[in-house]
Amino acid sequence: MVNGPEGSLCMDADRWERIDWRAQEEQVRRMRSRIFKAVQEGDRPKARNLQRT
């Protein structure tokens, strides 16, 4: 059981194993690429917003 507010979602081992990690890593790779591109273009507000996402 995960500590947290009552009624919050908890992650059990079975759900953890069903996560498509390859797809999640691809999403992270795309987001990092977008952040890098925004920094290279000098668009710091866009880069910061992407980092917060």
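Values for this structure:
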| read-out | value |
| --- | --- |
| Meets criteria (modelled with pLDDT of 95 or more and surrounded by fewer than 10 Cβ atoms within 10 Å (Cβ to Cβ)) for residue 22 | yes |
| Where a residue in segment 17-30 is more than 14 Å from residue 53 (Cβ to Cβ) and its partner, wherever it lies, is at pLDDT 95 or above, with Cβ under 9 Å and at least six apart | none |
| Selected residue [loosely packed, with under 12 Cβ neighbours inside 10 Å and at pLDDT below 95] from 15, 30 | 15 |
| Residue list for segment 24-53, restricted to those being among the hydrophobic types (A, V, I, L, M, F, W, C) and under 17 Å from the mean Cα position of the chain (by Cα) | 28, 31, 35, 36, 47, 50 |
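The values are calculated or read from the model by the stated rules, or taken from the named source; none is laboratory data. From a predicted model like this one, the values you see are computed outputs, not experimental measurements. Here the Cβ is made from the backbone with ideal geometry for all residues, glycine too, and neighbour counts use every protein chain on show.
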